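J.: Once you've had a glance at the structure underneath, I'll fire off some questions.
All of the numbers you see were taken from the coordinates with simple rules; none came from a lab. Since the model is a prediction, treat every value here as computed from it, not as a measurement. So basically every Cβ, Gly included, is an ideal-geometry build from the backbone, and we count neighbours across all protein chains shown.
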Amino acid sequence: MSSTEEKYKFTTSHSEAQRRRKRVIMTMEFTPTFCVGGARYYDAELGRWMSIDPLAHLRPGLSPYNYVQNNPHLRIDPGGLTDIKISVYRKLESSKSTLGNLYVTNSSNEKTISGYTLELPDKNNKPFESRILSGSYEAKRSSSNKFNKSGGVIRLEDKNDRTDVLIHYGNDPAETEGCILVGSSQSKDKVKGSVNKLTELIQYVDEIMETDNENGEETNIIVEIEDPKVEDEEND
């Protein structure tokens, strides 16, 4: 048998399958049957994922069984996560505002930035009058003449009948315009240090985008908004 035939021969023997699994170029733990690749099980013998991507809902145009958006030549996914995840955890709601916590994590699920958020209260998702619906949103780093002090803004995808929703700077509900304000601290119906916090976020995004661009990769930004336990606050 030629060396080429030997390299590509197919076998179902246990010892051969084990040997071939060790060649898989991924960060995985090995079980007797499947490789555990981050958040999914991978059968190295068949070359197939045995479960769907937990983040498949963020890529509706791709198969939920795809890997690195079907482009393994240019992309890797060692942690199984998106490149930049901006999480907003809503905590406290009044008649004027919704206050929350801000966390930014990278592909290794390491927390890189933390802060606070300010949004409008829930008024049935009405544009300019209500906070947006909770859920996952794809986002892009964008320039803005209006919010140029921070060097840019984060623009969320148009979704759930809402358009032009930004993460930008500001201090009180009147400045939100239905968007999300970030800050270094918060008080009743306010966030403070907003320009500095957004500048920190934009600079971090720019650093990741520059590195990805040098490697020929696209930077993914996902905004996750959760409101599992929003407490009502009585206004004085």
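J.: If you place +1 on the Cβ of every Lys and Arg, -1 on the Cβ of every Asp and Glu, and leave all else neutral, what size is the dipole of region 84-232 about its Cα centre, to the nearest 20 Debye? Don't jump to the answer; show the numbers that get you there.
T.: Values: 20 positive and 27 negative charges, 124 e Å.
Taking the Cα centre of region 84-232 as origin, the dipole is about 600 debye.
J.: Along Cα→Cβ, 7 Å out, is where each label goes; now give me the distance between the ones at residue 160 and residue 133 in nm to one decimal.
T.: Between residue 160 and residue 133, the simple spin-label model gives 0.6 nm.
J.: Give me, ordered by chain and number, the residues 5 or more places off residue 220 or on other chains with an amide H under 5 Å from its own placed amide H.
T.: When sequence neighbours closer than 5 places are left aside, the close amide H contacts are 83, 84.
J.: Under a point spin-label approximation (7 Å from Cα along Cα-to-Cβ), what is the residue 52-residue 210 distance to one decimal in nm?
T.: Output for this residue pair reads 3.9 nm.
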